[in-house]
Amino acid sequence: MPALNPYLNFDGTTEAAFTFYKEVFGGEFSFFSRMGETPDGANLPADEQQRIMHVALPIGPNHVLMGSDTLPSAGHVLQPGNNNYVMLSPDSEADTQRLYDLLSAGGVIEAPLEKTFWNAWFASFRDQFGTAWMINYDIPQA
């Protein structure tokens, strides 16, 4: 099976978002590059040269959260929608609560963290950067 790695696009807030995600998940960026570092980067407007070309943050074995900024000068327009979620499946109830508390802070809750009919703790929300998240912790059977 190929690896499934969420890729997030932002309109100039990738660095702030990924700095936040790094605080939540820990670890170090495995790749971080600005638009100005690309071969034609010097031709971009000065403010766009500071935007993120690509960032990668390993968040577990075989899982990497990736992202980049749009380039308005190239006609890119960010249109956040409801068709992309990053689904997290924590290993414990404590980690579920920790991730929910940190990621949802300052965001918009769609479904608060609670026990579901499918025997899991589940939540869905958008974080402070507009990224949609789902958290699902399957409660172990006795």
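The values are calculated or read from the model by the stated rules, or taken from the named source; none is laboratory data. From a predicted model like this one, the values you see are computed outputs, not experimental measurements. Backbone-built Cβ (ideal geometry, glycine too); neighbour counts: all protein chains shown. Ligands, DNA and RNA are excluded from the accessible area calculation, which covers all protein heavy atoms including side chains. Shrake-Rupley method; radii C 1.70, N 1.55, O 1.52, S 1.80 Å.
Taking the stretch 71-142, which GluC sites (Glu not before Pro) meet the DSSP loop condition and have no more than 16 other C-beta atoms within 10 Å? Don't skip to the answer; put the middle values down first.
On the way: sites: Glu93, Glu110, Glu114; in loops: none.
Here no loop site has a sparse enough neighbourhood.
With the simple spin-label model, which puts each label point 7 Å out from Cα in the Cβ direction, the Asp138 to Ala74 separation comes to 4.0 nm. Between amide H atoms placed 1.01 Å from N, distances below 5 Å from Thr70 occur with Phe10, Asp11, Gly12, all of them 5 or more places distant or on a separate chain. One compactness figure for the stretch 73-142 is 1.28, namely its Cα radius of gyration divided by 2.2 N^0.38 Å. Relative to the longest principal axis of the Cα atoms of the chain, helix 93-104 runs at roughly 40 degrees.
Expected output is a single nm value to one decimal: the length gained when fully extending between Ala105 and Met66, i.e. 0.36 nm times separation in residues minus the C-alpha distance. What is it? List each step's numbers first, then the result.
Numbers: separation 39, 0.36 × 39 = 14.04 nm, distance 2.10 nm.
The Ala105-Met66 span can extend by a further 11.9 nm.
The heavy atoms of Asp91 present about 140 square angstrom of accessible area, all protein chains included, probe 1.4 Å.
When the dipole is taken about the Cα centre of the stretch 20-98, and only Lys, Arg (+1) and Asp, Glu (-1) are charged at their Cβ, what size is it in debye, to the nearest 20?
On the way: 4 positive and 10 negative charges, 17 e Å.
The dipole magnitude comes to about 80 debye.
Roughly what angle does helix 14-25 make with the longest principal axis of the chain, taking Cα atoms, 0 to 90 degrees, to the nearest 10? Once rounded, one gets 30 degrees.
If you bin all the Cα-Cα distances of the chain at 5 Å, starting from zero, the percentages per bin are 2, 9, 17, 20, 18, 14, 9, 5, 3, 2, 1, 0, 0.
When only the heavy atoms of the protein chains count and the probe is 1.4 Å, how do Lys115, Lys22 rank by accessible area, highest first?
Details: Lys115 120, Lys22 60 Å².
Largest to smallest exposure gives the sequence Lys115, Lys22.
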